[in-house]
Amino acid sequence: MDLAGIGIGPFNLSLAALAHGLPALRTACYEQRPAFHWHPGLLIDGATIQVPFLADLVTLADPGSPWTFLQYLKAHERLFPFYVAERFHIERAEYDAYCRWVSEQLPGLHFDHRVDAVRWDHEYELFEIDFTRLGGPADDAHAPHLTRADEDGRGLGRAYARNLVLGVGTEPYVPEPLRPLADAPNVPVLHSCDYLEHRERLLATGHITVVGSGQSGAEVFLDLLRHRPLGAEGLHWLARTPSFAPMEYSKLGLEQFSPDYTRYFHALPEPVRDQLLPRQWQLYKGIAHETLDAIHHELYRRALHADDWPGAVLTPGVTVRTAGRIAAARLELHLEHTEQGTRTRHTTEAVVLATGYRERRVDTLLAALDPYIRRDASERPRIDADHRLVLDPMIKGSVYVQNAERHTHGVGTPDLGLAAWRSAVILNSLLAEPAYRLPSRTAFTAFGLQPSGRCDTVIGGPHLPDQRNGLAPTRM
């Protein structure tokens, strides 16, 4: 085949959907899960995705595709209800259902296939992909070839591809001080990715602490707050950030999630990129204004009806230094307030860690390719403008990455709004003639004094005064 995808999350599903209409490319994707599911533990009733519905799998690259969200609504006879609802941001559960609808119809998607290793065959100039079919032998004509069975009877096989795209996603991050408790059996310390699975048990717990200042933490706190007894909420929300800050959602601020900004960021020197990313946390770690408003409204409503302050405490600016068990049903967190320089002990009965995600490590998967991967000063893979690992010239094939290049492509890397554009960039780079016409300019903001990447817009153009006629520029 021409392109093999490893992992089937929204990004590789986008790639597969856009590749479906390209007869020049033979593609297949492999996923160890039995079916598509997108953050099932956080599909809280009423929670919406933070990008408009136009940021589906394909629309921003190919609005005429049969795999758009509007086509999904049409197939389910919900176009008119959606039109009347006037909803620009859809619920997470509906986005998950839309992606699953696409995944169930697209050919070349192989669920229940765990990719175990990848190698480069220098003789045939192909990638060898070893996999295990977890659900037993394949029964469709398009399935990859099975070679034998392991001790458990599962099918072992190998596929070959000229190019790869890694879309293995991220994994839940648990801070080091809380890792022993989270790893211990029967201890009520869980990551927010598993929230819905344990929700009823949490609601029956006397006191719950939520750790994390992003959207997930806010949604979990709000959901718990709405379902706790009036006047006996027993909730504490801790955050490392100085405040429970809103996400940057101004129109010009959102232009930092555009292809223009992605190209600009990629062209910056590595040290500048590393300094810039931490300062942009409110672009992707903040909380939606609507969620903050809903939390404040619920707290005010409870204060009004209970005629007292609700039993919910919100404390930003603190870090968890250490944590442990002090009784069979109680946990103790040792906290430090960054600005005050003070410390205290916090007792609770359950902890929900809304502490985000980290890029999933692929060291084992790509172990055979590691000597050929070129790295930066921090030993991270170097990635070119087309989202392709920079490899030794001995490797003739390409390895692309999706949602593993924040250090080279910036804050838009995990953003669903750039999924279709990035998929189109990858597919265009594989073809002799581009299949998707992508815009040369996507933002009103000019990110720099010189054009970067393929954006050939001259900053200011003919509207800037000519300063070469003996006139020195003036600092304003």
Residues in region 343-368 that are at pLDDT 95 or above, touching a helix residue (DSSP H, G or I) at 6+ places or on another chain (Cβ under 9 Å) and more than 16 Å from V220 (Cα to Cα) total 0
Residues (in contact (Cβ under 8 Å) with a residue 12 or more places away in the chain and under 25 Å from A232 (Cβ atoms)) located in region 307-319: D308, P310, G311, A312, V313, L314, T315, P316, V318
Could you tell me whether region 363-373 includes any residue that is part of a helix (DSSP H, G or I) and open to solvent by 80 Å² or more (accessible area, probe 1.4 Å)? yes
Condition first: under 31 Å from the mean Cα position of the chain (by Cα) and open to solvent by less than 50 Å² (accessible area, probe 1.4 Å). Now tell me which residues in region 298-330 satisfy that. E298, L299, A312, T315, P316, G317, V318, T319, V320, A323, G324
Being surrounded by 18 or more Cβ atoms within 10 Å (Cβ to Cβ) and of a type in the set (K, R) narrows it down to one of R273, R226, so name that one. R273
Go through region 1-112 and tell me which helices (runs of 4 or more DSSP H), entirely inside it, have 1 or more residues that are open to solvent by less than 10 Å² (accessible area, probe 1.4 Å). 10-19, 69-75, 92-105
Select from region 424-434 the residues that are modelled with pLDDT of 95 or more and farther than 22 Å from Y160 by Cβ and list them in ascending order. A424, V425, N428
I need every pair where a residue in region 433-449 that is without any contact (Cβ under 8 Å) to a residue 24 or more places away in the chain has its Cβ under 9 Å from the Cβ of a residue that is open to solvent by 60 Å² or more (accessible area, probe 1.4 Å) and basic (K, R), sequence separation at least 6 or different chains. S440/R454
Tell me the helices (runs of 4 or more DSSP H) entirely within region 186-300 that contain at least 2 residues that are of a type outside the set (A, V, I, L, M) and more than 22 Å from R358 (Cα to Cα). 195-203, 215-226, 251-254, 259-267
Scan region 234-244 for residues that are modelled with pLDDT of 95 or more and either farther than 24 Å from H334 by Cα or in contact with a Gly (Cβ under 6 Å, 6 or more places away or on another chain) (or both) and jot them down. G234
Residue under evaluation W281, criteria (1) touching a residue at least 40 places away in the same chain (Cβ under 8 Å); (2) in contact with a helix residue (DSSP H, G or I) (Cβ under 9 Å, 6 or more places away or on another chain), criterion not met: (2)
For region 54-73, what are the residues that are of a type outside the set (D, E) and farther than 13 Å from V102 by Cα? L54, A55, T59, L60, A61, P63, G64
Inspect all residues belonging to region 397-404 and state whether any of them is within 19 Å of P10 (Cα to Cα), open to solvent by 30 Å² or more (accessible area, probe 1.4 Å) and modelled with pLDDT of 95 or more. no
Looking at S192, S216 in this structure, which one is touching a strand residue (DSSP E or B) at 6+ places or on another chain (Cβ under 6 Å) and crowded, with 17+ Cβ neighbours inside 10 Å? S192
Residue pairs meeting the criteria (Cβ under 7 Å; at least 6 apart or on separate chains; first farther than 23 Å from L427 by Cβ, in region 367-385; second assigned to a helix (DSSP H, G or I) and open to solvent by less than 70 Å² (accessible area, probe 1.4 Å)): D376/E270; A377/E270; R380/H407
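The values are calculated or read from the model by the stated rules, or taken from the named source; none is laboratory data. From a predicted model like this one, the values you see are computed outputs, not experimental measurements. Glycine also receives a Cβ, built like all others from the backbone with ideal geometry; neighbour counts cover every protein chain displayed. For accessibility, only protein heavy atoms count, side chains too; no ligands or nucleic acids. Shrake-Rupley method; radii C 1.70, N 1.55, O 1.52, S 1.80 Å.
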